Amino acid sequence: MAQISCNGLSLGYEGTLVIEGLDLQISQGDYLCILGENGAGKSTLMKAMLGLHPRTSGTVTLGDGVRAKDIGYLTQQSDIQRDFPASVAEIVRSGCQSRLGWRPFYNRQELAQVATAMERMGIAHLAKRCYRQLSGGQQQRVLLARALCATQKVLFLDEPVTGLDPEVSREFYQLLSTLHRQEGVTIVMISHDVEGALNGATHVLSIGQPSFYGTKADYLKTLAADKGGETDG
């Protein structure tokens, strides 16, 4: 059973339809890379799957035990967010907030989860540092650790390597691949960095003309066939 299903999904904003009649299924352990030009509707689609953007038509269904709060969401950072005056540990702990309910404090299990997430992301030594004093790569590790505290099932990432240099981007992709391969976390990622993003992907959704949805292997075959056609022409 799919964790996330889109059936006949159409989306738009500012009176413009950007996605029409999309059928999509994301299963446990998939690593889906969403590609497309600016304005193609990539972020709109991700927000619709999270229930944060209204649908024009069609459905988004969660299954296989996944609820909306089981999806960790690493969104694009604004300049204000990059300058947030909180410690690394405080930001990572905030990933557990949805489970607090009426409790004023985090419990022992949640604090242990925070410590584990920071260790996994290699930022434990930065726990007391102010977030805004970190490099871009360190900030993204902090936000990924926060997302892991929110869920161990599904991660949504919207342009996570924007503004990072190539070496830091490669390290970040390696972290994602490790989470995917070793721990079975389902990953859905938007990226303009096609080569880097495709490295660990199992599936590709390319929004545009023409559009594509399928396995990475089939997507690469399509690209090769298109290049061959251009050469023949």
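Bear in mind that the values in this text are calculations on the coordinates, not laboratory data. This structure is a prediction, so every number in the text was calculated from the model and none was measured. Glycine gets a Cβ as well: all are built from the backbone with ideal geometry, and neighbour counts include every protein chain shown.
Things to note:
- ³J(HN,Hα) computed for each position of region 124-132 - Karplus, 6.51 cos²θ - 1.76 cosθ + 1.60, integer Hz, glycine/proline x: 4, 6, 9, 3, 9, 6, 6, 4, 6
- Highest average packing first - 152-160, 113-121, Cβ atoms within 10 Å: 152-160, 113-121
- Packing-based ranking of 215-224, 38-47 yields 38-47, 215-224, ordered from highest to lowest mean Cβ neighbour count within 10 Å.
- Rounded if a/c under 1.5, otherwise prolate or oblate - region 104-165, Cα gyration tensor axes: oblate
- Cα centroid separation, region 21-65 to region 111-145 (Å): 28 Å
- Under a model in which nothing but the beta-carbon of Lys, Arg (+1) and Asp, Glu (-1) is charged, the chain shows a dipole of about 1180 debye around its Cα centre.
- Electrostatic bookkeeping for G208 treats Lys and Arg as +1 and Asp and Glu as -1; over the other residues with beta carbon under 15 Å from its beta carbon, the sum is -2.
- Under 5 Å between amide hydrogens, built in the peptide plane, is the criterion, and for I190 it picks out I34, L157, D158, E159 among residues at least 5 positions away or on other chains.
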